[in-house]
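Notes for the one structure printed next.
Derivation of every value follows stated rules applied to the coordinates shown; laboratory data play no part. Because the structure is a prediction, the values reported are computed rather than measured. So basically every Cβ, Gly included, is an ideal-geometry build from the backbone, and we count neighbours across all protein chains shown.
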Amino acid sequence: MLAAAAALCGCGAGMRPMTSVEPPPPSNGRPAQPDGWDRAVTLQTPQDLDPTPNVVEFDLDAQVGAQTFLPGTTTPAWTYNGVVPGPLIRAHVGDKIIAHFTNHLPADSTVHWHGIRLPSNMDGVPGHTQPPVHPGGSFDYVFNVPDPGLFWYHPHVDSAAQVGDGLYGAILVEDPASPDASQAATFGDDLVLMLSDIDLRPDGSLLDPMSTSGGGFGTLFGREGNTLLVNGQVKPTIEARVGLRQRWRIVNTAKSRYYQLALDGNTFTLIGVDGGFIPAPIDKQMIVVVPGGRADVIVEPKGTPGTTVPVKWIPYDRGYGTAYMIPPEELFYVAFSSDAPYVEPNAVPAALRTIEPLDTSTSLSRSITLGGDTSTGDVVLTINGVPAAMAEAMPAKVGTTEVWTVKNTMQFDHPFHVHGFFFQPLDSVTGAALPAPQWLDTYNVPQMQTVQFAIKYDDRPGMWMFHCHILDHADAGMMGMLQLSE
Ligand code: C2O
Ligand code: CU
């Protein structure tokens, strides 16, 4: 299974599977990336316990494990299988995933599979789709992966602390029949980049988020870790050959931080988002990835052979002075080999995918208001006026299409996430389909603004959560439930 996955994606060179697999030769006629180009950010892959093709079975053990983030120090991070990020799961569309989760943390936990259209009882939401997994307990997650794309997994208990202290990992689902495979020659070699941050003292120990960063105001603001991480590394360097494309598959797993990225003298070509390819590529000076969200970008690096350039984190104004007096930071580096610049023979295809707009002519409408109450001194964040603990599930029916209108009454942005389904953003004023529809599961609702999206429920009844993916906001109450019935 791993061998097949590595061979099909042509990206074996950077993988370090625990089964012994020779990296396949580049099959698409492209020159190779510089030797060891992605070594600094390699993600572990788990051992596939089931040799059957189309079954990916692995152990996922949540445990406190020593990690080195700051040189010369160790951090007692919260990990899956002892590593931050947790292992990268590679699968193909339609594969069956079997994850044997065991909890060796000193707290309850669960695993939520962000963005995957799985059955409700595998969704990992404690108290709604399963009981929490107590310390020493276990739970088997078994589901199929119906869609190609980059997904991720994380706990859904005390999320700001558990995710913030290291519990997250990626699932890359590929579709051998999609342009992904047939157009590999134009997309370049791929690299999964998990962007996050963690709050550390200089000696490497974990800062307790609740005792620092301004109490209730910290909650309202959304706490950002003080140390930026790329695949668990601080300021790593990847290598590139000038002109030779790389495909960066980015997920923002930070508890609050937005990632706005810039690479001097370069543009990013956005080709996909949460739910796979967008209809046509879009060139951007900077890309923004909100907490929970994904971006699939092609970088055709420009620069001078032999030099190193930084990829910068650029402050993003997500409300109430969140970008005020905050300097940009160097997030990671691209070191150019001394090879002569490569000239790509083919343009990135102008059409990537056809996405039909959802038919909203007979849709139901649902209004969601995101708000907060700070009058008591405690920060309580709400959906439709009530915090999660007091909310009643909202009924909905399988097979129906709804238009959600999400109104943000606060001075802070909220990246709004719906579990288990993709949706299509609509024109926020007219509610009309956008000229280039896309599939998202996490959508930024800017401060004091209203957005709309269309969502169609396929036949997976059960409980489905929606919430702000600034995890401090979710923990402070900005979560709700949909009860989907036949
Ligand atoms: Cu990443 Cu409730 O989600
Ligand atoms: Cu929020």
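Values for this structure:
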{"quantity": "Residue-count net charge about Val142 - beta-carbon cut-off 12 Å; Lys, Arg +1, Asp, Glu -1", "calculated": "-3"}
{"quantity": "For Val55, residues with placed amide H under 5 Å, excluding near neighbours", "calculated": "Lys96"}
{"quantity": "Kirkwood-type radius of the chain, with distances r between different C-alpha atoms, in Å", "calculated": "22.8"}
{"quantity": "For the stretch 286-360 versus the stretch 225-246, the gap between their alpha-carbon centres in whole angstrom", "calculated": "11"}
{"quantity": "Relative packing of peptides 125-138, 268-281 - highest average C-beta neighbours within 10 Å first", "calculated": "268-281, 125-138"}
{"quantity": "Semi-axis lengths (Å, descending) of the ellipsoid that matches the C-alpha gyration tensor of the stretch 185-336", "calculated": "29, 18, 14"}
{"quantity": "Cα-centre dipole for the chain with unit charges at Cβ (Lys and Arg positive, Asp and Glu negative), debye to 20", "calculated": "660"}
{"quantity": "Rg over Rh, two decimals, the stretch 39-140 (C-alpha only, Kirkwood Rh)", "calculated": "0.99"}
{"quantity": "Segment Val288-Ala350, length gained on full extension (0.36 nm per residue, minus Cα span)", "calculated": "20.1 nm"}
{"quantity": "Listed residue (Gly136, Gly124, Pro341) projecting farthest to the positive dipole end of the chain, Cβ model", "calculated": "Pro341"}
{"quantity": "Which of Leu364, Pro87, Thr354, positive extreme of dipole for the chain (C-beta unit charges)", "calculated": "Thr354"}
{"quantity": "Pair-distance profile P(r), taking every C-alpha pair of the stretch 287-431, with 10 angstrom steps and integer %", "calculated": "7, 23, 27, 22, 14, 6, 0"}
{"quantity": "Which of Phe101, Gly272, Pro202, positive extreme of dipole for the chain (C-beta unit charges)", "calculated": "Gly272"}
{"quantity": "Inter-part distance where the stretch 361-400 and the stretch 71-98 are each reduced to a Cα centre, Å", "calculated": "33"}
{"quantity": "Rh (Kirkwood; distinct C-alpha pairs) - the stretch 364-485, Å", "calculated": "14.6"}
{"quantity": "Under the Karplus curve 6.51 cos²θ - 1.76 cosθ + 1.60, θ = phi - 60°, whole-Hz ³J(HN,Hα) for the stretch 453-468, x wherever Gly or Pro sits", "calculated": "8, 9, 9, 10, 8, 7, 7, 10, x, x, 8, 10, 8, 9, 6, 6"}
{"quantity": "DSSP-defined beta bridges in the chain - what % are antiparallel, rounded to 5", "calculated": "70"}
{"quantity": "Zone of Thr400's modelled label, taken as backbone nitrogen in the stretch 412-430 under 14 Å from a point 7 Å along Cα→Cβ", "calculated": "none"}
